[in-house]
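This report concerns only the one structure given below.
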Amino acid sequence: MTDDPETPGNGRWEINLAAIATHTSGRSEISAPDADINYGWGEHVQLKLDVPWVFVHETDQDWKSGLGAPDVGVKWRFIDIEDSGFSMSTYPQYTRNWLSSSASRGISAPGGQFFLPVEAATVFHGYSLDAEVGTNFVQYGSTQWVAGAIVAHSCGQNVECLGEVHEVQAPHDSQTLLNFGVHWKLNESLVMLASAGREFGTHTEDQQHLLFYFGVQLLK
């Protein structure tokens with residue numbers, strides 16, 4: 001959930017193809033595939049388009065599926081780790097339905113969301129440290145304050161293990177996600193990604209009892 005300041009590099013592509021599953025008290029949701037397509041426009045800018053196909057099951061209802069809410073964004077890394085020992089970026093993103101039927105059928109939430117964060121990263125004694133903080137403006141809901149941190153360390157040949165704490169706060173609702181994952185580099189152009197976690201906090205219908213991610217990252 002927490003992003004970092006890295007960008008693909010000038011003219012390079014980073015494409016993440018994944019299955020993402022979430023489970024709450026009354027709803028199970030699977031995004032498969034979730035296509036997260038990123039392009040490096042220069043060395044410091046990343047253009048993003050994330051398009052999910054979503055399967056939803058709610059209590060006492062049949063499974064339904066449709067196009068989820070695509071997410072578009074632009075990341076700008078304005079401080080480089082090579083020069084200063086750490087890096088920083090900002091990554092505004094806008095999420096909104098392309099199909100009104102997806103909202104009317106309960107595939108995705110109605111209206112749009114605009115997320116405005118700042119990311120920072122550094123390396124300390126072999127550990128990679130990433131942090132993100134920002135505000136999510138929700139059209140038909142409460143504004144959310146979002147913060148996250150990731151610690152990553154090598155745990156095998158070409159394998160990196162990660163732990164994450166991610167906090168979302170809104171009026172009368174506070175959720176903390178604990179997430180653990182692996183980043184396995186198979187070769188120079190193919191990486192396997194996997195993680196699993198759950199939220200702790202205010203007991204609401206939207207609290208995620210399970211969040212699971214499995215995917216591959218294609219680098220070109």
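The values are calculated or read from the model by the stated rules, or taken from the named source; none is laboratory data. Predicted, not measured: the structure shown is a model, and the values here were computed from it. Using ideal geometry, Cβ is built from the backbone for each residue, glycine included, and neighbour counts are taken over all protein chains shown. These area figures cover heavy atoms from the full protein model, side chains too; ligands, DNA and RNA do not enter into them. Shrake-Rupley method; radii C 1.70, N 1.55, O 1.52, S 1.80 Å.
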Could you give me the residue pairs with C-beta distances under 6 Å whose first residue belongs to the range 9-38 and is in contact (Cβ under 8 Å) with a residue 60 or more places away in the chain and among the charged types (D, E, K, R), whose second residue is open to solvent by less than 30 Å² (accessible area, probe 1.4 Å) and assigned to a strand (DSSP E or B) wherever it lies, and which are 6+ apart or on separate chains? ARG12/GLY40; GLU14/ASN38; ASP34/ALA18; ASP34/PRO52
Just checking, which of GLN144, GLN175 is modelled with pLDDT of 95 or more and closer than 23 Å to PRO70 by Cβ? GLN144
Taking the range 144-173, which residues are within 27 Å of VAL45 (Cβ to Cβ) and of a type outside the set (A, V, I, L, M, F, W, C)? GLN144, GLY148, GLU160, GLU164, HIS166
Do we find a residue being assigned to a loop (DSSP other than H, G, I, E, B) and out of contact with any His (no Cβ under 9 Å at 6 or more places or on another chain) anywhere in the range 112-124? no
Can you tell me which residue in the range 28-45 is nearest to VAL191 (Cα to Cα), limited to those that are among the small types (Gly, Ala, Ser) and in a strand (DSSP E or B)? ALA35
Quick check on my filter: what residues within the range 73-111 are β-branched (Val, Ile, Thr) and assigned to a loop (DSSP other than H, G, I, E, B)? ILE107
Exactly one of HIS183, HIS153, HIS203 is without any contact (Cβ under 8 Å) to a residue 40 or more places away in the chain and assigned to a loop (DSSP other than H, G, I, E, B), and that residue is HIS203
Candidate set from the range 50-72 (those that are assigned to a strand (DSSP E or B) and free of Cβ contacts under 8 Å to residues at least 40 places away in the same chain); member that is farthest from SER128 (Cα to Cα): HIS57
Single residue of the range 80-109 satisfying the filter (among the β-branched types (Val, Ile, Thr) and touching a residue at least 40 places away in the same chain (Cβ under 8 Å)) that is nearest to VAL51 (Cα to Cα): ILE107
Given the conditions (1) open to solvent by 50 Å² or more (accessible area, probe 1.4 Å); (2) in contact with a Ser or Thr (Cβ under 9 Å, 6 or more places away or on another chain); (3) aliphatic (A, V, I, L, M), report the number of the one that ILE107 does not fulfil. (1)
Can we say GLU43 is in contact (Cβ under 8 Å) with a residue 60 or more places away in the chain, of a type outside the set (Ser, Thr, Tyr) and more than 22 Å from GLY141 (Cβ to Cβ)? no
Any chance you could count how many residues in the range 1-27 are outside any loop (DSSP other than H, G, I, E, B) and hydroxyl-bearing (Ser, Thr, Tyr)? 1
Anything in the range 171-203 that is open to solvent by 40 Å² or more (accessible area, probe 1.4 Å), more than 22 Å from LYS220 (Cβ to Cβ) and acidic (Asp, Glu)? List them, or say none. ASP173
Subset of the range 125-150 (residues that are free of Cβ contacts under 8 Å to residues at least 24 places away in the same chain and either in a loop (DSSP other than H, G, I, E, B) or in contact with a helix residue (DSSP H, G or I) (Cβ under 9 Å, 6 or more places away or on another chain) (or both)): HIS125
